[in-house]
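*Asks:* Quick one: the structure is below, and I'll ask about it shortly.
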Amino acid sequence: MTTSAVLAGLGSYLPPRRVSNEELSERFDTSDAWIHSRTGIRQRRWADVGVSTGDLAYEAGHRALKSAGLGLGASVDAVILATTTPDHPCPATAPDVAHRLKLNSAAAFDVSAVCSGFVYGLTIAASMIESGHAERVLLIGAETYSTILNPEDRTTSVIFGDGSGAVLLRSGTPDEPGALLGFDLGSDGSQKELICIPAGGSRQRSTHLPPAPQDTYFTMQGKKVFATAVRRMEESSTALLNRVGWSIDSVDHLVGHQANLRILYSLAEQVRIARDRVVTNIEQVGNTSAASIPLALAHAAEQGRFKVGDRLLMTAFGGGLTWGSAVMTWPDVSPS
Ligand code: UT7
């Protein structure tokens, strides 16, 4: 029998500070009515000053280990952190998180694929397990977008939130509940400017000029991204379902990147899946980028929404541009 990666643990963490649409309406020319009707968001969490992505990643990673019946210092071969907001440009944040989790000799690296980072990370983690390079991999998606939002940009400031989610994958077989059964990844760098932090990298530094303050913030051309997001996630999902031989009617849950409720429902319409099979938690957490899918998985699992053996289709889209999808069956795990 071939080897598959199997989900054995699931953890999530949200920083305690809730930021409501009403609070943002005091700071920006916006309203709860606009934000909720255009995005589906009512509130998001923002980390307190001094709390980093690595801190959030540690919390979700620790919980995923506990959910898998493991603890600090467990035998884990690799720690992968999907994030757009690493603690530093260099080094990666994952080695520090691995160290704090006492997973000291584990391979550890970050994946930079913006909102698609978790699906990219799943593909890498599963490939490491399928090839025999790893028995157990801890994959974390964590973000502190509050640290990169332009305080003068109402559009991005009302969308993004902070949080983290993590999965512990182990070596198993494709017939086991929890097996990851297929992946589809893609990118289009010709549209890199649609989602971008202009300064801070070698492109800007090579000019030897200090960056303009606004160039150090996250930027997004939302309207252009919207239509592309729906199309790419639809194409990626359909290609993957065809490859693994699943009909859309056999998919129990669509767990899409929580970018915008209107995007999720447009996607559902395009792939022809009923809205009641679409997992959403964006109302409470906003768009948490690479943390979005593991947070949605954890919150739906906490609500008892998934049954063992259910078929899940995950799909994401983000800066790069990048996109990706993955399919799995649901295991007997309790999120921590
Ligand atoms: O996560 C990775 C990928 N990201 C996405 O997939 C995000 C995709 N894009 C979106 O979700 C939506 O495009 C947004 C939520 C970002 C924006 O919604 P929209 O319906 O596309 O609005 P818009 O940008 O077309 O703006 C419509 C109007 C504009 O005013 P005018 O020009 O019509 O007078 C904006 O200035 O809404 C205005 N606006 C706001 N009004 C109140 C923009 N932001 C706000 C705001 N509050 N926060």
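The values are calculated or read from the model by the stated rules, or taken from the named source; none is laboratory data. Fair warning: this is a prediction, and the values are worked out from it, not measured in the lab. Backbone-built Cβ (ideal geometry, glycine too); neighbour counts: all protein chains shown. Heavy atoms of the whole protein, side chains included, go into the accessibility calculation; ligands, DNA and RNA do not. Shrake-Rupley method; radii C 1.70, N 1.55, O 1.52, S 1.80 Å.
*Asks:* Percent of alpha carbon pairs in region 165-313 separated by more than 25 Å?
*Replies:* It works out to 39 percent of all Cα pairs.
*Asks:* Kindly write out, for region 277-287 in residue order, the coupling ³J(HN,Hα) from the Karplus curve 6.51 cos²θ - 1.76 cosθ + 1.60 (θ = phi - 60°), rounded to whole Hz, with x marking Gly and Pro.
*Replies:* Result, rounded to whole Hz: 9, 8, 7, 9, 9, 4, 4, 9, 10, x, 8.
*Asks:* Using only C-alpha atoms and all pairs of different ones, pull out the Kirkwood radius for region 1-43 in Å with one decimal. Before the final figure, lay out the partial values.
*Replies:* Details: mean 1/r = 0.0737 Å⁻¹.
This gives a value of 13.6 Å.
*Asks:* Continuing with the same structure: Residue by residue, what Karplus-based ³J(HN,Hα) values in Hz, rounded to whole numbers, does region 306-321 have, using 6.51, -1.76 and 1.60 with θ = phi - 60° and x for Gly and Pro?
*Replies:* 9, 9, 4, x, 4, 9, 10, 10, 10, 8, 9, 8, x, x, x, 5
*Asks:* Efficiency by 1/(1 + (r/R0)^6): what FRET value for Gln214 and Glu283, r their Cβ-Cβ distance, R0 = 35 Å, to the nearest 0.05? Can you show the working numbers first?
*Replies:* Numbers: r = 30 Å, r/R0 = 0.85.
So the FRET efficiency works out to roughly 0.70.
*Asks:* May I pose another question? Which of the aspartates and glutamates could a cross-linker bridge to Lys102, judged by Cα under 18 Å and excluding same-chain residues fewer than eight apart?
*Replies:* Partners found: Asp55, Glu59, Asp77, Asp110, Glu135.
*Asks:* Under the rule a/c < 1.5 gives rounded, and otherwise a/b versus b/c splits prolate from oblate, where does region 4-172 land using the Cα gyration tensor?
*Replies:* Working: a/c = 2.32, a/b = 2.14, b/c = 1.09.
It is prolate, given that a/c is not under 1.5 and a/b is the larger ratio.
*Asks:* Lys307: which lysines have alpha carbons under 21 Å from its alpha carbon, excluding same-chain residues fewer than 8 sequence positions away?
*Replies:* Lys307 reaches Lys66.
*Asks:* Express the accessible area of the chain per residue in Å², computed with a 1.4 Å probe while the remaining protein chains stay in the model. Kindly include the intermediate steps, with their values, before the conclusion.
*Replies:* Values: 13960 Å² over 336 residues.
Dividing the accessible area of the chain by its residue count gives 42 Å².
*Asks:* Per residue, how big is the convex hull of the chain when only Cα atoms are used? Give it in Å³. All intermediate terms of the calculation are to be shown ahead of the outcome.
*Replies:* Values: hull volume 43.1 nm³, N = 336.
Per residue, the Cα convex hull of the chain comes to 128 Å³.
*Asks:* Could you grab the relative contact order for region 180-329? Cα pairs under 8 Å, six or more apart, rounded to a whole percent.
*Replies:* On the way: 240 pairs, mean separation 55.2, N = 150.
That works out to 37 percent.
*Asks:* Next up: Work out from phi, with θ = phi - 60° and the Karplus expression 6.51 cos²θ - 1.76 cosθ + 1.60, the ³J(HN,Hα) of each residue of region 152-169, listed in order in whole Hz, and give x for Gly and Pro.
*Replies:* Working through the residues one at a time gives 9, 10, 5, 5, 6, 5, 8, 8, 8, x, 9, x, 8, x, 8, 10, 9, 9 Hz.
*Asks:* Mind checking the full-extension length gain between Ser334 and His36? Use 0.36 nm per residue of separation minus the Cα-Cα distance, one decimal, nm.
*Replies:* Values: separation 298, 0.36 × 298 = 107.28 nm, distance 3.08 nm.
Stretched out fully, the Ser334 to His36 stretch lengthens by 104.2 nm.
*Asks:* In straight Cα distance, which lysines are under 24 Å from Lys223, not counting same-chain residues fewer than 8 positions off?
*Replies:* Lys192
*Asks:* Could you list which residues have their amide H under 5 Å from that of Ala74, counting only those 5 or more apart in sequence or on another chain, with H placed in the peptide plane?
*Replies:* Amide H neighbours of Ala74: none.
*Asks:* What order, most packed first, do the peptides 35-42, 58-65, 273-280 have when packing is the mean number of other Cβ atoms within 10 Å of each residue?
*Replies:* Output ranking for 35-42, 58-65, 273-280: 58-65, 35-42, 273-280.
*Asks:* Kirkwood hydrodynamic radius of region 227-336 from all distinct Cα pairs, in Å? Please list the in-between numbers first.
*Replies:* Working: mean 1/r = 0.0720 Å⁻¹.
That comes to 13.9 Å for region 227-336.
*Asks:* Mind listing the Cα extents of region 57-132 along all three principal axes, in Å, largest one first?
*Replies:* Reported extents, whole Å, longest axis first: 30, 28, 21.
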